[in-house]
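The values are calculated or read from the model by the stated rules, or taken from the named source; none is laboratory data. Only a predicted model underlies this, so the values are computations on that prediction, with no experimental measurement involved. Backbone-built Cβ (ideal geometry, glycine too); neighbour counts: all protein chains shown. These area figures cover heavy atoms from the full protein model, side chains too; ligands, DNA and RNA do not enter into them. Shrake-Rupley method; radii C 1.70, N 1.55, O 1.52, S 1.80 Å.
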Amino acid sequence: MNRQNDTALLIVAHGSTVNPDSSAPTLAHAAEIRRRKIFANVGCAFWKEEPSLRDAIFLFDPESIRQVYVVPNFISEGYFTQTVVPRELELNGRITKRANGQIWKYCEPVGNHPMMTELLLKRARDIAPDVDAAETSLLIVAHGTDLNENSAVAAKREAERIRALGKYATVLNVYMEEPPLVSDWRKLAKTHNVVVVPFFISDGLHSYEDIPILLGIANGSSRTHSGAGGEVFRSNPYKIDDRSLFYAPSIGTDPGFADIIIEQANLAAKS
């Protein structure tokens with residue numbers, strides 16, 4: 001995408017009132033895109049943090065910004081992308097023309113883009129660079145349960161895409177709260193090497209503590225605080241039952257998300 005002098009990018013995400021790390025990846029991706037000077041302005045808005053989604057309607061000066069691309073930093077389509085974001089931003093479809101003349105284009109969430117598959121492969125290589133993929137199981141972990149049905153479907157889709165490439169001995173989509181369970185990884189994965197990638201937008205309690213406990217690489221005797229939780233990613237590989245387990249940070253923390261965000265806006269520009 002070429003420089004857009006009258007165009008802004010708005011990255012929308014969930015945010016959190018209890019986990020300050022929740023918004024960190026979104027803010028980092030925005031900073032990187034801002035550095036590239038593709039858009040005249042790059043902003044962020046959150047459901048559970050400031051600036052709020054509702055306030056973002058007034059974020060860009062209509063005199064200088066005539067077009068706004070809205071990219072949801074979410075793993076999949078779901079309640080937030082289909083209901084909350086359009087409602088709070090007063091969007092009435094993929095293209096909304098406001099009374100002030102601005103055109104707002106609502107893009108697909110980042111998790112829907114085909115580049116997500118390569119990003120997952122890259123994360124797996126980065127966390128275990130010296131293992132033979134042909135002798136390794138790759139586990140993509142999502143939350144599961146009916147409350148997160150679409151993210152479970154997205155994890156399954158990505159596992160199927162990677163499985164079709166034939167790079168890894170086994171590729172599995174596993175879940176925290178529904179079968180196949182990540183806690184059953186010893187039975188599900190038969191290889192000596194196991195690589196686990198959390199399919200989440202940001203690191204937090206799930207990736208710092210819940211999943212490590214389910215994997216058996218943490219005991220949960222003390223609650224992990226923001227910042228200290230990153231230690232769990234720096235202790236690879238974990239030796240369990242004569243096997244090597246490599247545990248990666250959440251996929252949404254990968255810098256490559258900035259490229260996907262830009263590409264989603266680019267696709268909306270062509271539609």
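Looking at the chain, I'd like the Rg to Rh ratio, where Rg is from alpha-carbon atoms and Rh is Kirkwood's inverse mean 1/r. Mind dumping the intermediate values first?
On the way: Rg = 19.4 Å, Rh = 19.4 Å.
For the chain, the value is 1.00.
Return the sequence-ordered ³J(HN,Hα) values of the stretch 245-257 in whole Hz as given by the Karplus equation 6.51 cos²θ - 1.76 cosθ + 1.60 applied to θ = phi - 60°, using x for Gly and Pro.
Listing the rounded values in order: 10, 10, 10, 9, x, 4, 4, x, 8, 5, x, x, 4 Hz.
Would you pull out the residues with amide H under 5 Å of Ile240's amide H, same chain only if 5 or more places away, H placed 1.01 Å from N?
Amide H to amide H, under 5 Å and 5 or more residues apart or across chains, Ile240 pairs with Leu245.
Mind checking the full-extension length gain between Asp132 and Asn266? Use 0.36 nm per residue of separation minus the Cα-Cα distance, one decimal, nm. Kindly include the intermediate steps, with their values, before the conclusion.
On the way: separation 134, 0.36 × 134 = 48.24 nm, distance 3.59 nm.
Result for the pair: 44.6 nm of gain on full extension.
Among Ile65, Ile261, Ile140, which one shows the highest mean-square fluctuation when the chain is modelled as a Gaussian network with alpha-carbon springs under 10 Å?
Result for the chain, Cα springs under 10 Å: Ile65 fluctuates most.
With a 1.4 Å probe and all protein chains left in place, how much accessible area per residue does the chain have, in Å²? Kindly include the intermediate steps, with their values, before the conclusion.
Values: 12330 Å² over 271 residues.
Result: 45 Å² of accessible area for each residue.
Which of the three applies to the stretch 23-153, rounded, prolate or oblate, going by the alpha-carbon gyration tensor with a ≥ b ≥ c and a/c under 1.5 meaning rounded? Could you put the intermediate results ahead of the total?
Working: a/c = 2.66, a/b = 1.76, b/c = 1.51.
Prolate shape, in that a/c is at least 1.5 and a/b is the bigger ratio.
Excluding same-chain residues fewer than 8 positions from Lys122, which lysines have a Cα within less than 19 Å of its Cα?
Output for Lys122: Lys156, Lys167.
Considering only protein heavy atoms and a 1.4 Å probe, what is the carbon-and-sulfur percentage of the accessible area of the stretch 1-47?
Details: 1050 of 2140 Å².
Reported share for carbon and sulfur atoms: 49 percent.
How many nm separate the modelled label positions at Gln82 and Leu181, each set 7 Å beyond the Cα in the direction of the Cβ?
Reported label-point gap for Gln82 and Leu181 is 2.9 nm.
Take every DSSP beta bridge whose two residues both sit in the chain, then give the antiparallel share in percent to the nearest 5. Working shown, then result.
Values: 6 of 41 bridges.
Among the beta bridges of the chain, antiparallel pairing accounts for roughly 15 percent.
At a 1.4 Å probe, what is the % contribution of carbon and sulfur to the accessible area of the stretch 161-271?
Numbers: 2590 of 4970 Å².
Within the stretch 161-271, the accessible surface is 52 percent carbon and sulfur.
So for each of 57-64, 252-259, 264-271 I average, over its residues, the number of other beta carbons within 10 Å; can you give me the resulting order with the highest mean first?
Details: 57-64: 14.0, 252-259: 19.9, 264-271: 15.9.
The packing order, highest mean first, is 252-259, 264-271, 57-64.
With θ taken as phi - 60° and the coefficients 6.51, -1.76 and 1.60, list the Karplus ³J(HN,Hα) couplings across the stretch 7-22 in order, rounded to whole Hz; mark glycine and proline as x.
Working through the residues one at a time gives 10, 10, 10, 10, 9, 10, 8, 6, x, 7, 8, 10, 10, x, 6, 4 Hz.
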